[in-house]
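Just so it is clear, none of the values below were taken in a lab; they were calculated from the coordinates. Every value quoted in this text rests on a predicted model; they were computed, and no experiment measured them. Quick reminder, even Gly has a Cβ in these numbers, built from the backbone with ideal geometry, and neighbours come from all protein chains shown.
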Amino acid sequence: MPCHAINLLLFTSQRKPAVLKGIDLGTCTTTWTVDYLSRTAGSKEVKIHVSTVPQMDFLRKNFVYRTLPFDVFVRRAAEVKHNEYFISEDEKYYLRSLGEDPRKDIADIRKQFPSLAEDIQIPEYFEKEQFFSSVFRISSAGLQLWTHYDIMDNFLIQITGKKRVILYNPRDAPYLYLAGTKSKVLNVDNPDLEKYPLFMKARRYECSLEAGDVLFIPALWFHNVISEEFGVGVNVFWKHLPSECYDKTDTYGNKDPTAASRAVQEKAYSTNYE
Ligand SMILES: O=C(O)CCC(=O)C(=O)O
Ligand SMILES: [Fe+2]
């Protein structure tokens, strides 16, 4: 086993987030320009989030869902002011790619974007049977995705563009004012402490992702993501627990696992962390 694979196994088993640099991700890191992406993926329709403000709020829904051909979407997401737009000329876009039928099918870029999937080499540090989904994350500059957790282990592969990611340990959940898997505290940099006094107690971890970096986000770790530039990411979720622990109807990877599996996941945090 190569040395970096051993390192990776070591920290995935420690269940701590980490940024991996210098991993061979294939040709995507050099070829995925706006032109290339538009030409290669063509006009397949994608459902996108469109927002007039950069800070998207899932709970109050300050954005709308719209559909665009992929090539048009990528060009718009890469520009700051738009000639053609839905709500405002400086609206922001976010794509979280989905399966063909999002209620039944899981996002897998090899199925929905086969020509682009050829260009990316996904770090294979888990067994094939553990793979759950691969998801495009394409965002306008400035866009901020709400703080949330997912229930599976995850590599966030940043192919182009810069991101800033703030993370919180699952143990700090009591300070994050959760509604389901999402935090009500949108402004993590300047929180309203009168409304959310306990937020002060949450310990913030922060990292910058440059193009070509891969962030390991362990299951249940909260993350808040700001795209500092227009950028293209792909994230890969995999099942680190036995398959039967997961809800079979969950195509997003964010439905809570069964009570027993949740207890197992949480135990990892109460024993492994200082
Ligand atoms: O990079 C993003 O836009 C969001 C990533 C994310 O939420 C994830 O990888 O689970
Ligand atoms: Fe996530």
* **Estimated [θ] at 222 nm from DSSP helical runs (n ≥ 4, -39500 (n - 2.57)) normalised by residues in the chain, nearest 500** => -5500 deg cm²/dmol
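With +1 assigned to the C-beta of every Lys and Arg and -1 to the C-beta of every Asp and Glu, and no other charges, what is the dipole magnitude of the chain about the Cα centre in debye, to the nearest 20?
In total the dipole reaches around 580 debye.
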* Asked: In angstroms, what radius of gyration and Dmax does the stretch 3-272 have, counting Cα atoms only?
  -> 18.1, 54
* Report, ordered by chain and residue number, the aspartates and glutamates lying within cross-link reach of Lys104, taken as a straight Cα distance under 15 Å and ignoring same-chain residues fewer than 8 apart. => Asp247, Asp250
* Asked: Hey, in the GNM for the chain with a 10 angstrom Cα cutoff, which one of Leu198, Leu186, Leu220 fluctuates hardest?
  -> Leu198
* To do: May I ask you to evaluate 6.51 cos²θ - 1.76 cosθ + 1.60, the Karplus curve with θ = phi - 60°, for each residue of the stretch 195-202 and list the ³J(HN,Hα) values in order in whole Hz, giving x for glycine and proline?
  => 7, 10, x, 6, 4, 4, 7, 6
* To do: Can you find, among Phe113, Pro123, His240, the residue farthest towards the positive end of the dipole of the chain? Put +1 on the C-beta of Lys and Arg, -1 on that of Asp and Glu.
  => His240
* Using modelled backbone amide H atoms (1.01 Å from N, in-plane), which distant-in-sequence or interchain residues come within less than 5 Å of Phe230's amide H? -> Ala141
* Phi-based couplings in Hz for the stretch 69-85 (Karplus 6.51, -1.76, 1.60; Gly and Pro marked x) -> x, 3, 5, 5, 4, 4, 5, 5, 5, 7, 9, 8, 10, 10, 7, 10, 8
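Pairs Lys163/Lys184; Lys201/Lys248; Lys182/Lys239; Lys16/Lys184: which exceed 28 Å Cα-Cα? Please report the intermediate quantities before stating the final value.
Values: Lys163/Lys184 21 Å; Lys201/Lys248 35 Å; Lys182/Lys239 21 Å; Lys16/Lys184 24 Å.
Lys201/Lys248, as the Cα separations exceed 28 Å there.
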* Label point distance in nm, Glu100-Leu198, each placed 7 Å from Cα along Cα→Cβ -> 4.5
